[in-house]
1. Could you list, in sequence order, the residues of region 231-261 that are within 26 Å of LEU141 (Cβ to Cβ) and either free of Cβ contacts under 8 Å to residues at least 60 places away in the same chain or open to solvent by 40 Å² or more (accessible area, probe 1.4 Å) (or both)?
2. Give region 310-330 a look and list any residue that's hydroxyl-bearing (Ser, Thr, Tyr) and open to solvent by 60 Å² or more (accessible area, probe 1.4 Å), or say none.
3. Would you call ALA377 part of a helix (DSSP H, G or I) and exposed (fewer than 15 other Cβ atoms within 10 Å of the Cβ)?
4. Note down all Cβ pairs under 8 Å where the first residue falls in region 194-208 and is aromatic (Phe, Trp, Tyr), the second is in a strand (DSSP E or B) and open to solvent by less than 30 Å² (accessible area, probe 1.4 Å), and they're at least six residues apart or on different chains.
5. Identify, please: which residue in region 45-64 is over 25 Å from the mean Cα position of the chain (by Cα) and not in a loop (DSSP other than H, G, I, E, B) and is, among those, nearest to VAL149 (Cα to Cα)?
6. Please find, among ARG351, ARG301, the residue that is in a helix (DSSP H, G or I), more than 30 Å from PRO277 (Cβ to Cβ) and either among the small types (Gly, Ala, Ser) or in contact with a helix residue (DSSP H, G or I) (Cβ under 8 Å, 6 or more places away or on another chain) (or both).
7. On the basis of being aromatic (Phe, Trp, Tyr), assigned to a helix (DSSP H, G or I), out of contact with any strand residue (DSSP E or B) (no Cβ under 7 Å at 6 or more places or on another chain) and farther than 21 Å from ARG300 by Cβ, does PHE367 make the cut?
8. If we scan region 362-369, do we find a residue that is free of Cβ contacts under 8 Å to residues at least 24 places away in the same chain, within 43 Å of the chain's Cα centre (by Cα) and open to solvent by 30 Å² or more (accessible area, probe 1.4 Å)?
Amino acid sequence: MRQNIQLKLAFVEEGRSEAPPDHQQGSEAPPANCNPERATSQLPLMEEICAPENLRTALKRVQANRGSPGIDRRTTTQLPAYLKEHWPTIRQQLLDGTYRPQPVKRVEIPKPDGGTRKLGITTVVDIDLEKFFDRVNHDVLMGLVSRRVEDKRVRKLIRAFLTAGVMEGGLVSPSEEGTPQGGPLSPLLSNLMLHELDKELEKRGHRFCRYADDCNIYVKSERAGQRVMESISSFITRKLKLRVNTAKSAVGRAQERGFLGFRFLITAKGVKRRIAPKAIKRFKMRVRELTRRTRGQSARRILEELRAYLQGWKAYFCFCQTPSVLKALDSWIRRRLRSRCWKQWKTFKNRCEQLKKRGVNANLAAFTAGSQKGAWALSQAKAMLVALPTAYFRALGVPELAG
């Protein structure tokens with residue numbers, strides 16, 4: 001009946017800023033059935049959910065996500081034709097409260113820090129719910145949903161998804177706790193569960209940051225951190241029926257505790273955000289995977305995948321305040337790509353020709369091509385810098401993280 005939650009307490013020594021800038025304590029969450037247009041809508045919530053424009057938007061998002069099929073093996077590309085035939089029936093079932101979701105398909109994916117995370121893939125004819133909690137008390141969750149959602153049909157539908165069961169190894173097991181994972185509803189469900197924690201922390205006057213089940217609380221000393229850790233853990237266990245993940249929860253200095261891929265750098269000029277070492281390590285591992293010479297993909301396909309990954313990573317981590325780290329990663333990526341090109345050129349003759357074709361004089365090209373150094377060392381040799389400069393990779397469309 002309980003679920004693990006990660007709780008971190010960071011303390012800053014006396015005389016320094018108590019909490020990092022731009023990270024404010026939680027605020028009052030909007031109602032669960034609230035959206036920007038809801039204030040002027042006169043439709044009941046379920047009718048609004050089933051409105052044509054809302055369904056068109058949802059369909060586009062499901063297709064853009066390109067997720068794996070559920071137990072019915074129906075892909076997102078097959079979904080429009082299926083809905084064209086069956087949507088009137090599904091819509092009526094939703095409106096009259098008789099719709100029954102199918103069990104979710106259970107798969108396991110590796111976690112960055114080891115172990116696996118259980119993922120439940122819903123069928124694409126179901127409303128896409130994500131199992132954000134490994135274990136959550138259904139009665140507690142539905143009690144919180146009832147405070148925000150007046151439409152009984154919506155509450156019934158959410159309960160149906162919670163109890164739909166999971167298919168694992170060809171067998172369907174009932175769901176007595178937890179929520180189905182695989183869709184966009186998890187932030188809402190997690191915030192419903194943990195909004196009570198936000199209010200408790202605000203009532204106590206703590207400064208904190210929380211995203212889903214990851215929470216950092218900022219205090220002034222280690223002693224205060226230990227005291228708050230004990231009392232908040234008790235509140236979480238007693239009030240929310242959840243469990244603090246002791247393996248990942250700790251009290252430490254703010255600059256030593258990571259949060260959502262970031263850490264804080266405390267300098268004489270104030271507090272700055274920097275990318276956590278683990279996030280950089282994962283980034284390099286992914287780039288190595290994408291640019292591996294033995295992948296068997298065309299250069300164009302590899303560049304497309306690399307470009308998409310770098311753009312997404314940059315969009316998230318451009319929030320950091322240490323541009324030198326981004327510049328160093330840009331340099332590392334170019335070395336990685338030069339090294340890959342060098343290996344692809346293979347022979348002495350071809351390497352000479354490739355270098356000369358790219359503006360390197362004959363003597364330097366021959367000297368470099370005949371070098372016994374490895375590809376990584378030669379990736380920053382003068383000939384390679386001339387042949388494959390930064391402008392070359394810009395022309396290919398490789399995003400610059402520090403740009």
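1. First pass over region 231-261, keeping only residues within 26 Å of LEU141 (Cβ to Cβ): 231-249, 259-260.
If the condition is that a residue be within 26 Å of LEU141 (Cβ to Cβ) and either free of Cβ contacts under 8 Å to residues at least 60 places away in the same chain or open to solvent by 40 Å² or more (accessible area, probe 1.4 Å) (or both), then SER231, SER234, PHE235, THR237, ARG238, LYS239, LYS241, ARG243, THR246, ALA247, LYS248, LEU260 are the ones that fit.
2. Passing the criteria: TYR316, SER324.
3. Working: part of a helix (DSSP H, G or I): yes; exposed (fewer than 15 other Cβ atoms within 10 Å of the Cβ): yes.
Spelling it out, ALA377 is indeed part of a helix (DSSP H, G or I) and exposed (fewer than 15 other Cβ atoms within 10 Å of the Cβ).
4. Matching pairs, first to second residue: PHE208/CYS215; PHE208/ASN216; PHE208/ILE217; PHE208/TYR218.
5. Of region 45-64, the ones over 25 Å from the mean Cα position of the chain (by Cα) are 45-53.
With the extra rule that they be not in a loop (DSSP other than H, G, I, E, B), the set shrinks to 45-49, 52-53.
Values: LEU45: 8, MET46: 10, GLU47: 13, GLU48: 13, ILE49: 13, PRO52: 21, GLU53: 21 Å.
For region 45-64, the residue satisfying everything is LEU45.
6. Numbers: ARG301 fails: either among the small types (Gly, Ala, Ser) or in contact with a helix residue (DSSP H, G or I) (Cβ under 8 Å, 6 or more places away or on another chain) (or both).
Only one candidate qualifies: ARG351.
7. Details: aromatic (Phe, Trp, Tyr): yes; assigned to a helix (DSSP H, G or I): yes; out of contact with any strand residue (DSSP E or B) (no Cβ under 7 Å at 6 or more places or on another chain): yes; farther than 21 Å from ARG300 by Cβ: yes.
Answer is yes for this residue.
8. No: region 362-369 contains no residue that is free of Cβ contacts under 8 Å to residues at least 24 places away in the same chain, within 43 Å of the chain's Cα centre (by Cα) and open to solvent by 30 Å² or more (accessible area, probe 1.4 Å).
The values are calculated or read from the model by the stated rules, or taken from the named source; none is laboratory data. On a predicted model such as this, the values are computed, not experimentally measured, just so you know. Heads up, the Cβs are rebuilt from the backbone with ideal geometry, glycines too, and the neighbour counts pull from every protein chain shown. Only protein heavy atoms, including side chains, enter the accessible area calculation; ligands, DNA and RNA are left aside. Shrake-Rupley method; radii C 1.70, N 1.55, O 1.52, S 1.80 Å.
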